[in-house]
1. Run residue 241 past the list (1) surrounded by 17 or more Cβ atoms within 10 Å (Cβ to Cβ); (2) of a type in the set (Ser, Thr, Tyr); (3) at pLDDT 50 or above; (4) part of a helix (DSSP H, G or I) and report the number of the one that doesn't hold.
2. Within 25 Å of residue 314 (Cα to Cα) and part of a loop (DSSP other than H, G, I, E, B): which single residue out of 61, 66 fits that description?
3. For residue 306, all conditions in the list (1) in a loop (DSSP other than H, G, I, E, B); (2) touching a helix residue (DSSP H, G or I) at 6+ places or on another chain (Cβ under 6 Å); (3) modelled with pLDDT of 85 or more hold save one; what is the number of the exception?
4. Only one of (1) surrounded by 19 or more Cβ atoms within 10 Å (Cβ to Cβ); (2) under 30 Å from residue 151 (Cβ atoms) fails for residue 89. Which number is that?
5. Any residue at all in segment 276-290 that's touching an Asp or Glu at 6+ places or on another chain (Cβ under 7 Å) and either under 20 Å from residue 132 (Cβ atoms) or assigned by TED's automatic domain parsing to the domain that holds residue 360 (or both)?
6. For a quick check of your reading: which helices (runs of 4 or more DSSP H) sit entirely within segment 105-172 and have at least 1 residues that are modelled with pLDDT under 90 and touching a Gly at 6+ places or on another chain (Cβ under 9 Å)?
Amino acid sequence: MNPTPPAETDLRESLRQYSVIAASNPPTSSEAQQARLNAALLYYHEFKEVEKALQIFQKIIDLRPISSQAGIALLELAEHHFQAQNYTHSRTQYLQFSLDFANHSQIARAKKRIADCLFYQNLFDQALDAYRDYQRRFARTAEEAEILLRLAEIYQNTDQTILARQTYLQILRDFPEHRLEIEPILASLGGITKESKQKVILDAPLQMTDADSLRRQTSEAGVGPLSRPNAQIEINSWQNSTVFKHNARTLLEESGMLEVGEVRDSLIGNGVLLDDVVMNLGQRFFMIGDHLKAGACLEKTVALGIQKSDVYLQLGVCYKKAKAWDLARQTFAELAKVDPAAIRSLIDDAASKLDSQPAYARKSLQVLVGISRSIDLAIQQIQPDLIPLKKK
């Protein structure tokens with residue numbers, strides 16, 4: 001028999017040492033968690049023992065769902081399912097990561113993968129919102145050309161020819177290295193007719209024509225009212241939140257966002273940026289874990305008409321943290337209408353805390369009961385006593 005290669009011998013010895021470390025420390029300790037993670041990464045990437053690695057990744061998450069090791073394990077599981085084209089599982093896990101690790105260095109990757117999953121599932125309306133959200137949060141990334149290509153393809157697939165053509169023209173203008181790929185598509189869409197007109201077309205500003213796109217032009221969030229003529233009156237009327245005790249107007253003033261020239265001009269004009277600035281500030285507070293200030297801003301964001309899944313998700317979590325369970329339930333019911341998969345992430349999150357925080361976890365599941373039959377069935381598998389029996 002041929003001797004085992006030295007490199008593999010070293011890796012197997014590392015696995016043995018990780019096993020010793022995990023066994024000799026408390027199961028939920030950082031030392032044990034890190035040893036498990038190191039072992040799982042070796043099993044997955046070096047030895048290709050995929051199922052064994054996946055089991056360890058899941059154990060890490062189950063033991064300490066919001067530990068740093070659990071964040072890496074979640075990413076590994078989510079990416080595994082993405083590469084296997086299990087897009088529902090992948091999206092649920094990336095959503096879970098976004099919920100529990102909002103300030104992680106890999107949050108941009110997770111947000112993009114959520115959009116990619118929606119795209120590959122042909123959920124084009126949701127994918128469009130997700131890619132636009134990614135653009136707003138992570139401007140000028142290396143994926144900018146890819147995102148524009150996805151947007152153009154979504155417009156094509158939803159028969160929005162004008163927007164598809166305009167987006168492809170933008171790609172040609174900003175990323176000429178894609179010319180060979182884009183020009184045949186543009187020609188089929190009527191975007192390139194005569195050679196002499198090509199430069200004029202490429203240099204022309206993008207003019208969005210349909211109502212949804214006009215709303216995206218006039219509001220960074222791409223949602224909410226097209227205009228708000230009485231924005232100054234609106235913001236001056238804001239009082240302390242009954243639940244969160246903070247005044248979103250005061251928080252905006254303290255942030256300095258109202259002194260930005262573009263925002264100041266908007267508030268004395270058509271007011272369309274009011275929706276965006278209060279949403280952005282709320283999400284900024286949420287990322288650092290200040291749920292009271294975040295909730296005050298996100299509460300106003302929803303009141304202004306923004307209907308985005310991540311806003312509903314974050315506001316619902318803020319209500320939970322403030323123990324405003326009825327309001328949390330109402331918010332999650334709205335979330336279920338725009339992003340049912342996000343509810344699954346909430347169920348999984350609560351289930352993972354049943355051992356460590358049983359009362360909070362059960363209450364978190366209880367507020368989701370009755371939103372839909374499928375949600376009730378998922379909860380019933382975890383906590384059957386929370387689902388009332390039907391009378392015969």
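1. Among (1) surrounded by 17 or more Cβ atoms within 10 Å (Cβ to Cβ); (2) of a type in the set (Ser, Thr, Tyr); (3) at pLDDT 50 or above; (4) part of a helix (DSSP H, G or I), the lone unmet condition for residue 241 is (4).
2. When all the criteria are applied, what remains is 66.
3. Condition (3) is where residue 306 drops out.
4. Of the numbered conditions (1) surrounded by 19 or more Cβ atoms within 10 Å (Cβ to Cβ); (2) under 30 Å from residue 151 (Cβ atoms), the odd one out for residue 89 is (1).
5. Within segment 276-290, one or more residues are touching an Asp or Glu at 6+ places or on another chain (Cβ under 7 Å) and either under 20 Å from residue 132 (Cβ atoms) or assigned by TED's automatic domain parsing to the domain that holds residue 360 (or both).
6. Answer list for segment 105-172: 124-137.
Quick grid of which residues meet (1) buried (at least 19 other Cβ atoms within 10 Å of the Cβ); (2) under 27 Å from residue 280 (Cβ atoms):
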| position | (1), (2) |
| --- | --- |
| 312 | yes, yes |
| 316 | yes, yes |
| 345 | yes, yes |
| 350 | yes, no |
| 353 | no, no |
| 361 | yes, no |
| 375 | yes, no |
| 379 | yes, no |
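This table checks each residue for (1) over 30 Å from residue 284 (Cβ atoms); (2) buried (at least 20 other Cβ atoms within 10 Å of the Cβ); (3) within 30 Å of the chain's Cα centre (by Cα); (4) touching a residue at least 24 places away in the same chain (Cβ under 8 Å).
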| position | (1), (2), (3), (4) |
| --- | --- |
| 12 | yes, no, no, no |
| 25 | yes, no, no, no |
| 39 | yes, yes, yes, yes |
| 45 | yes, no, yes, no |
| 84 | yes, no, yes, no |
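The values are calculated or read from the model by the stated rules, or taken from the named source; none is laboratory data. Just so it is clear, the structure is predicted and the values come from calculations on it, not from any experiment. Because the Cβ atoms are built from the backbone with ideal geometry, glycine has one as well, and the counts that use them run over all protein chains shown.
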